[in-house]
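Values in this text are rule-based calculations from the coordinates and carry no lab data. Only a predicted model underlies this, so the values are computations on that prediction, with no experimental measurement involved. In this analysis, Cβ positions are derived from the backbone assuming ideal geometry, glycine residues included, and neighbour counts consider all displayed protein chains.
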Amino acid sequence: MSDWHRIGLVTDIPRRGARCVNSPFGRIAVFRTAEDRIFATEDRCPHKGGPLSQGIVHDSSVTCPLHNAVISLKSGEMRGPDEGRVRVFATRVDPLTEVIELSLEDEAAAIREAAE
Amino acid sequence: MPEKLVVIGNGMAPGRALEHLFEKAPGQYEVTIFNAEPRVNYNRLMLSPVLSGEKTYEDIVTHDDAWYASHGVTLHKGKRVETIDRAARTVTAAYGTTAPYDKLIVATGSNPFIVPIPGSTLTGVLTYRDLDDVETMLEAASTGGRAVVVGGGLLGLEAAAGLKMRGMDVTVLHLMPTLMERQLDPAAGYLLERSLKARGIDVVTKANTHAILGEDKVEGVKLDDGTVIDAKIVVMAVGIRPSTDLAKAAGLDVGRGIKVGDDMRTSDPDIFALGECVEHRGQCYGLVAPLYEMAEVVASQLCGPCESRYLGSVTSTKLKVTGIDLFSAGDFAEGDDREEIVLRDASAGVYKRLVVKDDRIIGAVLYGETADGAWFFDLMKKKTPVSEMRETLIFGQSYQGGSPLDPIAAVAALPGDAEICGCNGVCKSKITGAISARGLTSLDEVRAHTKASSSCGTCTGLVEQLMALTLGDAFNPQAVKPMCGCTDLSHADVRRLIVAKTLKSIPEVMQELEWKTSCGCAKCRPALNYYLLADWPGEYVDDDQSRFINERVHANIQKDGTYSVVPRMWGGMTTSQELRAIADVVDKFQIPSVKCTGGQRIDMLGVKKEDLPAVWADLNAAGMVSGAAYGKALRTVKTCVGTDWCRFGTQDSTGLGVRVERFMWGSWTPAKVKMAVSGCPRNCAEATCKDVGVICTDAGYEIHFAGAAGLDIKGTEVLTQVKTEDEALEMIVALVQLYREQGHYLERIYKWLKRVGMASIKAAVVDDPAKRRVYFDRFIYSQKFSQRDPWADRASGGMASHEFKPMADIPFQEAAE
């Protein structure tokens, strides 16, 4: 099933930053790391629902702006003493046009994609 | 259902019992504490350093409010329990607070004994038991004069030394021929008297206090022999009485103290007694080590039936007066069946005496040189035969086995069960075990995990030696906390190296200082961004992505992801036009809540992020700018109405506040900076709990700083006094610039002061006008780049517009395809 949505250009997001995409499944945070890797997760911290898109991005992690939970953008897992996970979505970037595409397919597919 | 445990009293003994209880059986009890004092649990052993000024109240807090909260403890501060109803199993405090219990701990402590002589009820007759007493003494000391201390025991002498250090003249009156006669033999008592006199403290022994003189308040003290000594305060430190009234009224068995068995239960098996209020096997204790031993037994007993018993204690004593080393333990009366070993070194002021009976040490007095105290005490408690080392025993542990050893080797030679920390009963193997097992590297960590050196602190040296022994070269006594997991360097190192190596960007800092991560973390990046901004104004480009969301979007994120917006109201002044504009914005954007802040401004809460630029545009149009309520930056300058309106006002406080705020707004600081200006000492603007405060007087301006009114509560300290408004402004600006250059990220001004000390701050901004000017000028230079309204830059379509709108919308139909 082809489910890729064009959401914008890599340069629309600041390096070590994030932007939001509204979707029928709720708000999605799309991150760009210092090395221009793109990740997408649901915009809700598993701890108390903080908007992850507003956090500080470092390596391939984000620190939630509400209570400093650190979340791996690759796996969606919360790092550190607490446990929890956010849904992650697959993304891909066209190397020529730098267009980002996002898939709303199931989480398992997303993890496979991110691991590649 | 957890059982209900009620604790009456919040001193060190019940505090320790609860620590043990929460460790052994978390969740077994729902705990309620009644504390007659209006505060949390603090280390009473450390009152003397607070009195002398060597420590502050914050330094000696054992359990802060967060601790109680995290253990679900209900703490009633300032509520004295008045009755225990054993039939209903409830306790009731003043003003009617009642709590039911399944188990009850009575830890009412002791009351200081006041000699019932004429005048003993006059104002100015004090005791020395809690922080209130210390505060009263400090208030008296601030204006000088003479203090008379009645009682030359441990507490009395610590009070005398503290008051002397605070600048009072002090006379100690002691009934017996030598000082501390219960702990010291006459020779040591004499040496002690001599060193106190050398410090300018008058000591009168064999002094029988006849009366305290004065009309309403203390004016002097009269002795039996007719001598009259002028006095502004009289500190009674003649002894303590277990506080037993409550227990007696409840019908419990009471002798000198509340009687308990070896299981620490009173005559009612559901009621324990603990601490200085207790009588155990005919003995009452006033030192901390036995109380901690009792606390452990109480905690074990609360967990269920067990073998844990308290069997009485051998105690040792140290006098906590800086510069006087004194240790005593056990029994040192002379007797036919005893022999003594004495060492005197008059020129060094050293006196040591051991009392030996049946080949065992039964008493020890050390004066001037107390390093071997722990070792002697250990031999004494273990009843170790000493004939083998009889000849060299008095020279101490390092002389045993032939040649003198270095202190580390001496500590190495101690057996694993040797007691290192007497207060907390922590032995050597527990400390070394914790260091190895948990990889502890700092003194604070060892304190946190083992409690060693966390009470009176006299064993700190030994603990550090143990750390050196266990960690080898890895131990660095000055070891400081790294700023985060990305580096081994501390905040201080990083700040210093940024300047020393002229590092001017975050990647440069990370490269040169060998960061362990590729792009830092949420702890170090905001810190580095601030340091670079403060150190290289005009050169460094602010990195938005290294700022917390609040500073990135210039509003405060709320729990639901909306924001709050606070415009500046200079000095707390506003106009009808501003209020009308705010009202219009609230209506137009349907902002759900509007609130007055504590800083004399108006907060609009629940603004959607997308609306922020438009909200700012409207506020800008009415002449308002960002209030920086979200920033590690200058926040508010509160003022009172001063000479404009107030009949008591001495200066134009509103004008000065507005001037300071207009001068300093926009500057970034290590942590938030809140200010206030009060027009007279009545202090309506509450300037004395602010980071920087000004109190106006007829003579000019008193510049205060380093107050706190958040997690910590602390009054300000006076930096200096100046005559004119211009001088006040220059002083404040130079002070804040010094803080901007020295402060660690997130370190408030009061913590910065605690770290660097008042003397260094005064030397930089008060004592030398040329230096002050340099800081002042550097601030002005930095302001050239930072006094831009971030709202105006971002309002409708300006800077960073990506922040405020979504990147894309995926409509439902598209997603469903």
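General observations
- Relative to its residue count, the protein assembly as shown spans a Cα convex hull of 226 Å³ per residue.
- Peptides B:292-302, B:753-763 ordered by average Cβ neighbours within 10 Å, highest first: B:292-302, B:753-763
- Average projection area in nm² (convex hull over Cα atoms of chain B, one quarter of hull surface): 44.7 nm²
- Calculated FRET efficiency for the pair B:R182/B:D224, C-beta based, R₀ 25 Å, to 0.05: 0.65
- Straight Cα distances below 25 angstrom link B:K197 to the lysines B:K55, B:K164, B:K206, B:K222, B:K232, B:K318, B:K320, B:K352, with same-chain residues fewer than 8 positions distant left out.
- Spherically averaged projected area in nm², based on the convex hull that wraps the Cα atoms of the range B:125-238: 6.6 nm²
- Residues whose amide H falls under 5 Å from that of A:I56, counting only those 5 or more places apart or on a different chain, are A:T63, with hydrogens built in the peptide plane.
- The label point for B:I408 and the one for B:E508, both projected 7 Å from the Cα toward the Cβ, are 4.0 nm apart.
- With a simple spin-label model that places each label point 7 Å from the Cα along the Cα-to-Cβ direction, the separation between B:Q28 and A:R27 comes to 4.7 nm.
- Gain on full stretching of the segment that runs from B:D584 to B:S267 - 0.36 nm per residue minus C-alpha separation: 107.0 nm
- Peptide B:520-527 has a mean of 4 when you count, residue by residue, the C-beta atoms of other protein chains within 10 Å of its C-beta.
- Restraint check, B:K595/B:K805; B:K481/B:K523; B:K523/B:K608, Cα-Cα greater than 19 Å: B:K595/B:K805; B:K523/B:K608
- Under 5 Å from the amide H of A:G17 lie the amide H atoms of A:R32, each residue being 5 or more positions distant or on a separate chain, with H modelled from the backbone and absent for Pro and chain starts.
- Proximal lysines relative to B:K383, as straight alpha-carbon distance under 19 Å, when same-chain residues fewer than 8 apart are discounted: B:K357, B:K428
- Computed over chain B: relative contact order in percent, which uses C-alpha pairs under 8 Å that are six or more apart: 7 percent
- Inter-chain shielding of B:541-550 (mean C-beta neighbours from other protein chains, 10 Å cut-off): 4
- Dividing the convex hull volume of the alpha-carbon atoms in the range B:634-786 by its residue count gives 94 Å³ per residue.
- The mean sequence separation of alpha-carbon pairs under 8 Å and at least six residues apart, normalised by the residue count of the range B:491-547, gives a relative contact order of 35 percent.
- Derived value for the range B:344-386: Kirkwood hydrodynamic radius 10.8 Å. Basis is the mean of 1/r over every pair of different alpha-carbon atoms.
- Helix-only [θ]222 nm of chain A, DSSP H runs n ≥ 4, -39500 (n - 2.57) each, per residue, nearest 500: -2000 deg cm²/dmol
- Once divided by 2.2 N^0.38 Å, the Cα radius of gyration of the range A:4-115 becomes 0.96.
- Among the cysteines of chain A, those whose beta-carbon sits 4.7 Å or more from every other cysteine beta-carbon are A:C20.
- Per residue of peptide A:9-22, the mean number of Cβ atoms on other chains within 10 Å of the residue Cβ is 4.
- Spin-label pair B:A474-B:M758: with each label point 7 Å from Cα along the Cα-Cβ axis, the two points sit 4.1 nm from one another.
- Gain on full stretching of the segment that runs from B:D644 to B:N111 - 0.36 nm per residue minus C-alpha separation: 186.8 nm
- Over 23 Å apart at the Cα level, from the set B:K77/B:K217; B:K217/B:K714; B:K77/B:K103; B:K24/B:K430, are B:K77/B:K217; B:K217/B:K714.
- Using C-alpha pairs under 8 Å with a sequence gap of at least 6, the mean separation divided by the residue count of the range A:4-115 gives a relative contact order of 24 percent.
- Per-residue ³J(HN,Hα) for the range A:16-30, Karplus 6.51 cos²θ - 1.76 cosθ + 1.60, θ = phi - 60°, Hz, x for Gly and Pro: 6, x, 8, 9, 10, 10, 7, 9, x, 8, x, 7, 10, 9, 10
- Residues of the range B:110-129 with amide N under 16 Å of a point placed 7 Å along Cα→Cβ from B:T143: B:123-125
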